[in-house]
Amino acid sequence: MGLLDLDKIIIKRTIMGIRCTVCGGNLVVTDKMCLAGRIAKIVSLGKLKPECYECEICKKRYTLL
Ligand SMILES: [Zn+2]
């Protein structure tokens, strides 16, 4: 009998199909608008609504346009 791996049964709001390219971890939405997202929004005159995600394991930031 092995120990129950609690990490695997914790359910969080995750983005389906998007994984961290560095560690393969789940990406979660961050409240803070990241710099790349702000620039993309300004350059596109508000047409793009970039969303920012953060890897829950290595904390790498991603911007989805
Ligand atoms: Zn990661």
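The numbers here are math on the coordinates, done by the rules we state, and not lab data. All values derive from a computational prediction rather than experimental measurement. FYI the Cβ positions are ideal-geometry reconstructions off the backbone, even for glycines, and counts take in every protein chain you see.
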Extended-chain gain in nm, criterion 0.36 nm per residue less alpha-carbon gap, THR21 and ARG38: 3.9 nm
Going by average Cβ neighbours within 10 Å, how do the peptides 21-30, 41-50 rank, with the highest at the top? 21-30, 41-50
Amide H partners (placed H, <5 Å) of TYR62, local residues excluded: TYR53, GLU54, CYS55
